[in-house]
Amino acid sequence: MMNCAPIVLFVYNRPDHTRRTVEALLRNDLASASELYIFADGPKANASPDQLDKIRQVREYLPTIRGFKTVHITLSEQNKGLANSIVYGVTTIVNQYGRVIVVEDDIVTSTHFLRYLNESLDLYERDDDVICINSFCMIKDAPIKEHTYFLYGADCQGWATWKRGWDLLNLDAKELQGVLRNDKKLQKLFTYNDSCPYMDMLQYKIDGKIDSWAICWYASAVTHKKLCLYPTKSLLQNIGYDDSGTHTQNSDAYEASIMADESTTEFPKIAIKDSRVMRKEWEKMFRKLCNRELPPLWKRILLKLKIMIHI
């Protein structure tokens, strides 16, 4: 059996979502060979009785989890926030193991999720141009014959990386913004030819209006001209866009969240280069999203980016 990367799961106050996420992971054939590290964030200072009860339910469920190689639980007494929790948890585990698989508490995965990520981590381990493996596809009908493709950047929906990739994370949004502004070609890559307002997202991070680790992860990868691997069919569904999450809201704008047919199991190694065909598809998708009637500007940006920038 292969040497499986540890799974890092971030949870907070959604007991039903957490249970569904764990149960889906357990249906993977590599679950029993995988170590599971759970980081549970603590309550906010102004948490309501209902929120405290949900946090309690999550924490009571965690010790009952069985079926993984081992289960390690870290309970935070104070609220770190999702960004700080993820940066701390991923850094801790990837520094220990050299690679990591990351899942949040609103991800229902395919039964091939762990195999795809672990095999891809093995396939591209020595390819320094690749720093992220993602398992979500935003394009319904990808016009390519391969089951995977590369794009510049890094992603945050059921993803994996190595220490060499995570070491490139720069959380200084202002510095990243400066690099991108000084290189128009990089900026075009970053914004998908100005079809997606990622530069605005960086500015909101600088202004303190949002607290996103993922926009910095994505920008860090682009500024280093590193690649992320994507499947042409999703290996997960995000069940968090139901008003239950702190940073999400109900929307039907992301219908691509349809899991791949379970027969999609083969992901051979492909040429390591940015896919021009799929980049055009993403650009078209973003331009289509921008035409929707959405809330005020900053909320609109968050809504449009919530698939890739899960803050």
Inset, instruction - Determine if region 146-157 includes at least one residue that is crowded, with 24+ Cβ neighbours inside 10 Å, out of contact with any His (no Cβ under 7 Å at 6 or more places or on another chain) and among the acidic types (Asp, Glu). - result: yes
Legend entry - Qualifying residue in region 97-108 (condition: at pLDDT 95 or above and surrounded by fewer than 19 Cβ atoms within 10 Å (Cβ to Cβ)): yes
Legend entry - Answer residue from region 213-225, given it is of a type outside the set (Val, Ile, Thr) and touching a Phe, Trp or Tyr at 6+ places or on another chain (Cβ under 8 Å) and is nearest to Arg181 (Cα to Cα) among those: Ala219
Legend entry - Odd one out for Gly81 among (1) on the phi > 0 side of the Ramachandran plot; (2) modelled with pLDDT of 95 or more: (2)
Legend entry - Tabulated pairs, region 98-125, first in contact (Cβ under 8 Å) with a residue 40 or more places away in the chain and over 16 Å from Leu9 (Cα atoms), second crowded, with 24+ Cβ neighbours inside 10 Å and of a type in the set (Ser, Thr, Tyr), C-beta under 7 angstrom, 6+ apart or interchain: Tyr116/Ser135
Inset, instruction - Could you identify the single residue in Ser212, Ser251, Ser244, Ser257 that is among the polar types (S, T, N, Q), modelled with pLDDT of 90 or more and either part of a loop (DSSP other than H, G, I, E, B) or touching a helix residue (DSSP H, G or I) at 6+ places or on another chain (Cβ under 8 Å) (or both)? - result: Ser212
Inset, instruction - Report the residue count in region 154-189 for those that are part of a helix (DSSP H, G or I) and more than 17 Å from the chain's Cα centre (by Cα). - result: 16
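For region 133-151, state whether one or more residues are small (Gly, Ala, Ser) and closer than 15 Å to Asn3 by Cβ. If you could, list the steps in order and put the result at the bottom.
The first filter runs over region 133-151 and keeps only residues small (Gly, Ala, Ser), leaving 135, 142.
Checking the rest, the ones that are also closer than 15 Å to Asn3 by Cβ come to none.
Looking for residues that are small (Gly, Ala, Ser) and closer than 15 Å to Asn3 by Cβ, one finds none in region 133-151, hence no.
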Legend entry - Unmet criterion (only one of (1) surrounded by 21 or more Cβ atoms within 10 Å (Cβ to Cβ); (2) small (Gly, Ala, Ser); (3) part of a loop (DSSP other than H, G, I, E, B)) for Ser195: (1)
Legend entry - Matching helices (runs of 4 or more DSSP H) fully within region 15-121 where at least 3 residues are out of contact with any helix residue (DSSP H, G or I) (no Cβ under 8 Å at 6 or more places or on another chain) and within 15 Å of Gly158 (Cβ to Cβ): 15-26
Inset, instruction - Test each condition in (1) under 30 Å from Arg279 (Cβ atoms); (2) modelled with pLDDT under 95 for Tyr124 and report the one that comes out false. - result: (2)
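Whether any residue in region 148-169 is among the small types (Gly, Ala, Ser), under 16 Å from Ile215 (Cβ atoms) and either in contact with a Phe, Trp or Tyr (Cβ under 7 Å, 6 or more places away or on another chain) or without any contact (Cβ under 8 Å) to a residue 24 or more places away in the chain (or both) is what I want to check.
Here is the first cut: in region 148-169, the residues among the small types (Gly, Ala, Ser) are 153-154, 158, 160, 165.
Checking the rest, the ones that are also under 16 Å from Ile215 (Cβ atoms) come to 153-154.
With either in contact with a Phe, Trp or Tyr (Cβ under 7 Å, 6 or more places away or on another chain) or without any contact (Cβ under 8 Å) to a residue 24 or more places away in the chain (or both) added as a condition, the list becomes 153-154.
For region 148-169, residues among the small types (Gly, Ala, Ser), under 16 Å from Ile215 (Cβ atoms) and either in contact with a Phe, Trp or Tyr (Cβ under 7 Å, 6 or more places away or on another chain) or without any contact (Cβ under 8 Å) to a residue 24 or more places away in the chain (or both): present.
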Inset, instruction - Would you mention how many residues in region 168-188 are crowded, with 18+ Cβ neighbours inside 10 Å and out of contact with any Leu (no Cβ under 9 Å at 6 or more places or on another chain)? - result: 1
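The values are calculated or read from the model by the stated rules, or taken from the named source; none is laboratory data. From a predicted model like this one, the values you see are computed outputs, not experimental measurements. Cβ atoms come from the backbone with ideal geometry, glycine included; neighbour counts cover every protein chain shown.
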